[in-house]
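The structure appears right after this line, and notes come after that.
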Amino acid sequence: MSSASMHSEQSSVTVLGLGPMGRALAGAFLDAGLRTTVWNRTPGRDRELVGRGAVGARSAEEAVAASGLTVVCVVNYDAADAILRRDAVAGALKGRTVVNLTADTPNRARDAADWAAGHGIRYLDGAIMTPTTTIGTPAAVFLHCGPAELYREHRPVLDALGGTHTHLGEEIGRAAAYDIALLDIFWTAMAGYAHALAVARAEGVTARELAPFAKGIGAILPPLFEETAAEADDGSFSGEGNPLTSAVSSMAHIVHTSEAHGIDAGVMRAAEGMARRAIGRGHGADGFIRIAEVLGRG
């Protein structure tokens, strides 16, 4: 390949999937001056990007053939497979690189990597940990995994997406594992907040009145994450200051108050049940994070 061809390959990228996140990714590449080819299963979503200078491909195979690097961002791996595993697309991708930023499970990432290897396609997996509004800004956070040399090769193009890029290692399911664990924190926290708002409203407290104090509770969590991470890794699970026996008492108060107002307390009942299981196994004096070990036993 000539040096001019290599430069062209390194300054171009294809984006498959033009939902809100896919459009944000393509927009960041365009803003960085990269030749950006785009394609989406639903026609018309490329209109604004084409107006900004993107090349709208007529088919997925045409799109992937346009660049040495294809970034995929669709709703899940079923959607990604439906695009990539067509014979024409797989053939066009041979010898090229796919960076799959689609969210799904670690096992789906491993399966995709195995498929790619079997078709001569170079493959990196990844996860986007911040909203669309952060893409192209310093606030964006991306996680990547797969062959380190391949990641280094394409890092200059990926840097156009802004923010922080972290290579988590070569095990291809690792980015998805982080994604699942971190989204677990996010959605259980948001479920807890939604439940808290329902309880507060039932007691005559508005969401605006509660919000400043809710932020205070949120601020307590980061140092607790650090402290309890060490405990979880070394198995100490200190309950000094707030043992599980005390925790279940406060959980019970939440359940009783909720149900007195006819509010579903299923989430808190589940948390209380996990804590009581740990107490039943002799861990009443331990801290709350002991339940991580209990859950892991099944």
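Nothing in this text is a laboratory measurement; each read-out follows from the coordinates by a stated rule. Every value quoted in this text rests on a predicted model; they were computed, and no experiment measured them. Cβ sites come from the backbone with ideal geometry, for glycine too, and all protein chains shown count toward neighbours.
Order these peptides, 22-31, 159-168, by their mean beta-carbon neighbour count within 10 angstrom, highest first.
On the way: 22-31: 23.0, 159-168: 17.1.
With the highest mean Cβ count within 10 Å placed first, the list reads 22-31, 159-168.
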field: the chain: antiparallel DSSP beta bridges as a percent of all, rounded to 5
entry: 15 percent
query: Is the stretch 3-171 rounded, prolate or oblate when judged by the Cα gyration tensor, a ≥ b ≥ c being the square roots of its eigenvalues, rounded requiring a/c under 1.5 and prolate requiring a/b larger than b/c?
result: rounded
message: Loop-only trypsin sites (Lys or Arg not before Pro) in the stretch 62-157, please: DSSP not H, G, I, E or B, and at most 15 other Cβ atoms within 10 Å.
response: 85, 86, 94
statement: Which of (i) 19.0, 61; (ii) 18.4, 57; (iii) 23.5, 74 is the computed Rg and Dmax of the Cα atoms in Å? It is (iii)
field: Net charge, residue 105 excluded, C-beta distance under 12 Å - Lys, Arg +1, Asp, Glu -1
entry: -3
task: Distance from a point 7 Å along Cα→Cβ of residue 236 to each backbone N in the stretch 273-290: keep the residues under 20 Å and list them by number.
output: 283-290
field: Residue-span extension gain [residue 281 to residue 227] - 0.36 nm each, minus C-alpha spacing
entry: 17.1 nm
- line: Surrounding charge for residue 137, neighbours by C-beta under 14 angstrom, Lys/Arg +1, Asp/Glu -1, total -2
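Per residue of the chain, what 222 nm ellipticity follows from adding -39500 (n - 2.57) for every DSSP H run with n ≥ 4, rounded to the nearest 500?
So the calculated ellipticity at 222 nm is -17500 deg cm²/dmol.
With +1 on each Lys and Arg Cβ and -1 on each Asp and Glu Cβ, and nothing else charged, work out how big the dipole of the stretch 224-298 is about its Cα centre, in Debye to the nearest 20. Spell out each step's value before the answer.
Working: 6 positive and 11 negative charges, 90 e Å.
I would put it at about 440 debye.
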Cβ-based net charge around residue 78, under 15 Å, with every Lys or Arg adding one and every Asp or Glu removing one: +1
task: Treat each spin label as a single point 7 Å out from the Cα along the C-beta direction, and report the residue 117 to residue 203 distance in nm.
output: 5.5 nm
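Out of the stretch 30-62, which trypsin sites (Lys or Arg not before Pro) are coil in DSSP terms and have no more than 10 other C-beta atoms within 10 Å?
Numbers: sites: 35, 41, 45, 47, 52, 58; in loops: 41, 45, 52, 58.
When the trypsin sites (Lys or Arg not before Pro) of the stretch 30-62 are filtered for loop state and at most 10 Cβ neighbours within 10 Å, 58 remain.
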- prompt: If you find the alpha carbon centre of the stretch 205-227 and of the stretch 59-125, how far apart are they in angstrom?
  reply: 41 Å
- line: Per DSSP loop assignment and a cutoff of at most 14 other beta carbons within 10 Å, the chain keeps its longest run without exposed GluC sites (Glu not before Pro) at 1-169
